[in-house]
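The block underneath contains the structure these notes are about, expressed in structure tokens.
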Amino acid sequence: MVTSPDLDRSIILRDSAAAVRHLVRICFKTGPPTHTGVELEWTVHDAADPARPVDATRLRTALGRHTPTALDAGSPAEPLRNGGTVTLEPGGQLEISTPPRPSVAALISATEADIAQVTDLLAAAGLILGRSGIDPHRRPRPVVETPRYRAMRDTFDRRGPAGRTMMYSTAGLQVCLDAGEADQVGDRWAAAHAVGPPLLAAFASAARHAGRRTGWASARMAAWLAIDPARTRPVWSPAGAADDPIDAWVSYVLAAPLLCLRRRDADWAAPPGVTFADWLDGALPQSPTTDDLDYHVSTLFPPVRPRGYLELRYLDAQPDRDWRLPLAVLTALFDDPGTVREASAIAMPVAHRWSAAARHGLADPALAAVAAALLDLALTALPRLELPASTHDEIQQGVRRRLAAAERRDQ
């Protein structure tokens, strides 16, 4: 995917116009949509007793030289053999981010190799990767503590327990797609959002948390939606479909409250309610820099986040090799401008139904019908991905199983 050129991150922003110029340069990088990336998260469990807590020492021992610096400041944090980066979320969830590839086949091959390497490292320490979008066994508890995570927890605690659930118990699957050529950005931006609720419903895997049924198909997304609408609500909605994506994103960023302020000490707490726009207007003693703005953007978690490319953040983690299914579905739907528009038109009637998708999944008839239509469209487009025959057949069979489930629920 197209990446941002080197920018001076230390420029002082003296007014909102300067902040807008910076965001415009970095949020949507246009060009041919050729690269695809994926970021996979899992909860981590003791192989013999998945309800047993896994502490930071055990994770550090298992990961060795691949341990992220958030857990061990002295770690070399070496990439995996195929270039993937290992990070750890606050509850000890493990994430692999494989560099984007120009073909889905290459991305799948590299990611599978990275997963196999991590799986072997964990197995040697008696650990395994989870199989769902939320921890089905354990209550939320911190494992990795940093000033950022402490500030996040304190901020989210003001609104209730959902923040801790999200931080310590959830695991997602993120697909990263190029924004596309300048004349494609609007369609790709709208479609990335519109297909979100039906695909969330189709791939929901987070119904059980801490030993009990939650009443949600995706308790992971339920937690995200309950945290803080100013930083987790969708940027795009059918009601604002005609809005310019860049204008919508800039407004979202500037209106969002600060989550934390980086300092040399351990206290990164931000003044409650102060937005980035307030900071630009002099609410804090020092003016923000472009680096501060970039960091603020990293604390915003909408279902689709523009990072030069489009980061689709709404899917639950999948069991075993099923992570390839939503990856293939989304890349097939976005492979051709006509398919992008068709997918958006199919999904538009349910494009606003994020909460219903998280609550009911495919038990909602309207979402099931749209999900079935999207999966069928993806199967039609799947040959264009030019996957190896065995991979194509496995993914086609997996998507057909999901399609059959959606069709049964639609009847």
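The values are calculated or read from the model by the stated rules, or taken from the named source; none is laboratory data. Note that the coordinates shown come from a computational prediction; the quantities given were computed from them, not determined experimentally. Glycine also receives a Cβ, built like all others from the backbone with ideal geometry; neighbour counts cover every protein chain displayed.
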- [ ] Output the number of residues of the stretch 363-411 satisfying the condition of being under 20 Å from V340 (Cα atoms) and surrounded by fewer than 15 Cβ atoms within 10 Å (Cβ to Cβ).
- [x] 4
Task: Matching residues, the stretch 20-55, being crowded, with 17+ Cβ neighbours inside 10 Å and assigned to a helix (DSSP H, G or I) - done: V20, H22, L23, I26, C27
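Restricting the search to the stretch 370-411, which residues are among the β-branched types (V, I, T) and within 23 Å of the chain's Cα centre (by Cα)? I'd like the intermediate steps shown before the answer.
So in the stretch 370-411, the residues among the β-branched types (V, I, T) come out as 370, 380, 391, 395, 399.
V370, I395, V399 - these are the residues of the stretch 370-411 that are among the β-branched types (V, I, T) and within 23 Å of the chain's Cα centre (by Cα).
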- [ ] Answer with yes or no whether S109 is modelled with pLDDT of 95 or more and surrounded by 19 or more Cβ atoms within 10 Å (Cβ to Cβ).
- [x] no
Task: Yes/no for R220 being under 30 Å from P53 (Cα atoms), crowded, with 18+ Cβ neighbours inside 10 Å and either without any contact (Cβ under 8 Å) to a residue 12 or more places away in the chain or basic (K, R) (or both) - done: yes
TODO: Output the number of residues of the stretch 64-92 satisfying the condition of being touching a helix residue (DSSP H, G or I) at 6+ places or on another chain (Cβ under 8 Å) and within 20 Å of R313 (Cα to Cα).
DONE: 7
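Taking helices (runs of 4 or more DSSP H) that fall entirely within the stretch 95-185, which contain at least 3 residues that are of a type in the set (G, A, S) and in contact with a helix residue (DSSP H, G or I) (Cβ under 8 Å, 6 or more places away or on another chain)? Don't jump to the end; show me each part of the working.
Numbers: elements: 104-124, 147-157, 162-169.
Ranges flagged: 162-169.
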- [ ] Could you give me the residue pairs with C-beta distances under 7 Å whose first residue belongs to the stretch 248-269 and is closer than 15 Å to P229 by Cβ, whose second residue is of a type in the set (S, T, N, Q) wherever it lies, and which are 6+ apart or on separate chains?
- [x] A255/T275; A256/T275; P257/T275; L259/T155; L259/T299
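Here's the yes/no breakdown for (1) surrounded by fewer than 18 Cβ atoms within 10 Å (Cβ to Cβ); (2) more than 26 Å from L387 (Cβ to Cβ):
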residue	(1), (2)
A62	no, yes
H66	no, yes
P79	yes, no
G84	no, no
S97	no, no
R101	no, no
Task: Residue in the stretch 196-208 that is surrounded by fewer than 24 Cβ atoms within 10 Å (Cβ to Cβ) and either among the acidic types (D, E) or at positive phi (or both) present - done: no
Open item on the list: I'd like the full set of residues that are closer than 21 Å to M166 by Cα, in a loop (DSSP other than H, G, I, E, B) and aliphatic (A, V, I, L, M), limited to the stretch 262-317.
Closed with: A270, L300, A317
